[in-house]
Ligand code: G1P
Ligand code: ZN
């Protein structure tokens, strides 16, 4: 039944910040998925005795791609696949299933927060036995393999029914179809104080969770409504749809508009939250109140003692360099380790494995802990609910008290999308060359204290990664420039702005950052070079 099929390489199968992400139309090309998967199998080598976890966020092509992966895994000698029922599994649940079963790795079929459907994006994320996505050293090898691929192996059998739980044999390989929600729920019950959160809902506390027609719907229904007793209807857009119902499943102020409008209306619930396509991102809202992900990480870290699983103590905390410095002040106060890494969750994995950190987060609506090796949307929502249940305070009150204690980092991100790749590359290159001259200079009343590339040396494997450019000012303000590594066409320039104040706590972030924005545009020449005077997306 095993067939060897000849193929020709594609030259664009290089993984980005998180796996391979392309327009669905690109992935639909003949042998596109097959080439990529065979290259991974070739790089792993001997697959006998190996177990992998497979699932996806249910987007367009999830069902077709998963069949190919199953048949190819069998043909390549994989011993066992653990598959989410109907091919569904969120990214954090997948990481948990890998760790719980001591599997050798896993594949999550998702382009994360990117839109889905025939005109949207598709993607494949590959994790190893750590439960986290592979390091660049391995993805580079896989990319080389994709450039030389000549044939792939596949089992010539009809499609497999993934709707029934249980075990079966496919082409000599065992497949186990599991309920993707069950293990995840159990893990959450072991971390948080579910009885306390239940009591909160019993007292009439209200929430709205927007699953954005993506994978977390079934997880959220089960956890928030069924187990914790939030009123039916608290979880909205809970049915995963192949095109996410036309939504851009990215939980931020721009794309989660429906939830934001509701939470800023008179009818608002006490608490609002949303997750992205594959369930690893989160947004936290109070009544007419938005918590930036950078602040969320700082608040979570400052409140670890309220959570059963962490009250014994935490190791340390890490953030991506682009994320605001709010959590740095908490780490100092708590006397715990603090790390700054490049953008991408994979850079946290070594720090967690070596027990240097417990919590980590990114400004891009990612928060998580060492319970798994991916960011975890529902985990963050439960963390907030647990803080609220333990303190009896509102989201706004918790955040305001945090600012009073630590000061406030005003923070925003400006994305310039659809820029020609060569223009974006040249802008970054020229800016990097100019940065040293800026040191010590005063611009619009701000003095530059340092300016240059962000270079990270991993304390565990000593690999070195360069990611983005940082300009720091004498008052603690910062500008970070980066090119996105998750887009499926053209380039996106990200500009991250931060300004710290110990006294001015209730101002408008846009107002507070106006001057820094001007400086950021002037020194990078983004308007002149891209023709864009305003960002396409501001979060
Ligand atoms: C973006 C985010 C980054 C996140 C990644 C995957 O990557 O900025 O923080 O880890 O998505 O969710 P970027 O497009 O900036 O490379
Ligand atoms: Zn995601």
Computed over the Cα atoms, what is the radius of gyration of the stretch 136-234 divided by 2.2 N^0.38 Å, N being its residue count?
1.67
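Per-residue counts of other Cβ atoms within 10 Å, averaged by peptide: what ranking do you get for 415-422, 504-511, highest first?
Details: 415-422: 16.1, 504-511: 11.9.
Put in order of decreasing packing, that is 415-422, 504-511.
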Over the alpha-carbon set of the stretch 121-167, divide Rg by the Kirkwood Rh and report the Rg/Rh ratio to two decimals.
1.08
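Convex hull volume of the Cα atoms in the stretch 368-410, per residue, in Å³? Mind dumping the intermediate values first?
On the way: hull volume 4.6 nm³, N = 43.
Considering the Cα atoms of the stretch 368-410, their hull volume per residue is 106 Å³.
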With runs of 4+ DSSP H residues as the only contributors, calculate the mean residue ellipticity of the chain at 222 nm using -39,500 (n - 2.57) per run, divided by the residue total and rounded to the nearest 500.
-9500 deg cm²/dmol
Have a look at the stretch 1-95 and give its Rg and Dmax from the Cα atoms, expressed in angstrom.
13.4, 37
Please list, by residue number, everything in the stretch 52-74 whose backbone N is under 19 Å from a paramagnetic label point 7 Å out along Cα→Cβ of residue 176.
52-56, 70-71, 73-74
Using only the Cα atoms of the stretch 432-483, each taken as one equal point scatterer with no solvent, compute I(q) by the Debye sum, divide by I(0), and report log10 of the ratio at q = 0.19, 0.22 Å⁻¹.
-0.66, -0.80
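So for the stretch 85-164, what are the equivalent ellipsoid semi-axes in whole Å, largest first, each being the square root of 5 times an eigenvalue of the Cα gyration tensor? Present the calculation step by step, with values, prior to reporting the outcome.
Working: eigenvalues 88, 75, 58 Å².
So the equivalent ellipsoid measures 21, 19, 17 Å along its semi-axes.
Name the shape class, rounded, prolate or oblate, that the alpha-carbon gyration tensor gives for the stretch 455-499, where a ≥ b ≥ c are the square roots of its eigenvalues, rounded holds for a/c under 1.5, and otherwise prolate holds if a/b is larger than b/c and oblate otherwise. Numbers along the way, then the final one.
Details: a/c = 3.37, a/b = 1.05, b/c = 3.21.
It is oblate, given that a/c is not under 1.5 and a/b is not larger than b/c.
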Under 8 Å for C-alpha pairs, at least 6 residues apart: give me the relative contact order for the stretch 175-243, rounded to a whole percent.
34 percent
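Which order results if 444, 525 are arranged by neighbouring Cβ count within 10 Å, fewest first? Mind dumping the intermediate values first?
Details: 444 9, 525 13.
Final ranking by Cβ density, sparse to dense: 444, 525.
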All alpha-carbon distances of the stretch 336-458, grouped into 5 Å bins from 0, give the whole-percent distribution 2, 8, 11, 13, 18, 17, 13, 10, 6, 2, 0
Cut-off 19 Å (backbone N to label point 7 Å along Cα→Cβ of residue 150), residues of the stretch 59-78:
76
Those residues of the stretch 414-433 whose amide nitrogen sits under 12 Å from the label point placed on residue 528, 7 Å along Cα→Cβ:
431
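Taking 4 °C and 1.567 mPa s as the conditions, I'd like the Stokes-Einstein D for the stretch 252-297 in µm²/s, using the Kirkwood hydrodynamic radius from alpha carbon pairs.
Working: Rh = 10.7 Å.
Rounded, D is 121 µm²/s.
From the gyration tensor of the Cα coordinates in the stretch 261-338, what semi-axes in whole Å does the equivalent ellipsoid have, largest first, with each one equal to sqrt(5λ)? Present the calculation step by step, with values, prior to reporting the outcome.
Working: eigenvalues 139, 42, 32 Å².
Sorted largest first and rounded, they come to 26, 14, 13 Å.
Hey, what did the chain get for relative contact order, percent, Cα under 8 Å, at least 6 apart?
Result for the chain is 13 percent.
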Quick one: if you stick a label point 7 Å off each Cα along the C-beta vector at residue 332 and residue 432, how many nm between them?
3.0 nm
If you restrict to DSSP beta bridges whose two residues both lie in the chain, what percentage is antiparallel, to the nearest 5?
70 percent
Checking the a/c ratio against 1.5 first, then a/b against b/c, what shape does the Cα gyration tensor give for the stretch 438-539?
oblate
Treat the stretch 79-127 as a sphere of radius equal to its Kirkwood radius over Cα pairs and apply Stokes-Einstein at 25 °C in a medium of 0.890 mPa s; give the translational diffusion coefficient in µm²/s, rounded to a whole number.
209 µm²/s
In Å, what is the Rg of the alpha-carbon atoms in the stretch 55-191, and how long is Dmax?
15.1, 48
Taking the stretch 499-539, the equivalent ellipsoid from its C-alpha gyration tensor has semi-axes in Å, biggest first, of 25, 12, 6
Which three extents, in whole angstrom, do the alpha-carbon atoms of the chain cover along their principal axes, largest first?
72, 58, 41
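FYI, it's all coordinate maths here, none of it is from the lab. Nothing here was measured: the structure is a model prediction, and the numbers come from that model. Neighbour counts run over all protein chains shown; Cβ positions are idealised from the backbone, glycine included.
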